[in-house]
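Following: one structure in structure tokens, then a few remarks.
The values are calculated or read from the model by the stated rules, or taken from the named source; none is laboratory data. Since we're looking at a predicted model, the values are computed, not measured. Cβ placement follows ideal geometry from the backbone for every residue including glycine, while neighbour counts extend to all protein chains displayed.
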Amino acid sequence: MRRLSFLALLAVLGAAACAPRNPELSAYRGLEFAIESFYETHAWERNATCLRPEMSIARIETLEDTPEKLVLKVRYFWEDRAFGRDDEMFPKRGGGSWCSGFDERIFTLAKRPDGGVTVTAMTGPQRGRS
């Protein structure tokens, strides 16, 4: 009986993990993947010291939603693992990580007829853009 309850709990937790952060955005297939991919392809952080950051989305706020586009403010945690650990780069600094932190950017996405979205713009520092 306990094993069955444990399995039921795991199923509920798994379903909750797959639930969208913002229910109003659940209609847009691949939204978070599109944002994360665009960020990881174009963004840099810390005045171009951290050139290959990866993001984990913490919060999404809808700023504009029209039939053609979606504008979102995204709060995220970023980390550039390629930079190396701080204790290797700055052995006397102690703790923390130079190439990680929280930030916000605004993403503009075009809505596609198939229900998906494509990122067309992102605020903040970017590779190959001013």
Quiz item: For the range 44-55, does any single residue satisfy the condition of being small (Gly, Ala, Ser), at pLDDT below 55 and either over 20 Å from the mean Cα position of the chain (by Cα) or assigned to a loop (DSSP other than H, G, I, E, B) (or both)?
Solution: no
Exercise. Could you check how many residues of the range 19-43 are modelled with pLDDT under 55 and either surrounded by 14 or more Cβ atoms within 10 Å (Cβ to Cβ) or under 15 Å from the mean Cα position of the chain (by Cα) (or both)?
Key: 1
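Return yes when residue 51 is under 22 Å from residue 98 (Cβ atoms) and either in contact (Cβ under 8 Å) with a residue 24 or more places away in the chain or in contact with a Ser or Thr (Cβ under 7 Å, 6 or more places away or on another chain) (or both) and no when it is not.
It is true that residue 51 is under 22 Å from residue 98 (Cβ atoms) and either in contact (Cβ under 8 Å) with a residue 24 or more places away in the chain or in contact with a Ser or Thr (Cβ under 7 Å, 6 or more places away or on another chain) (or both).
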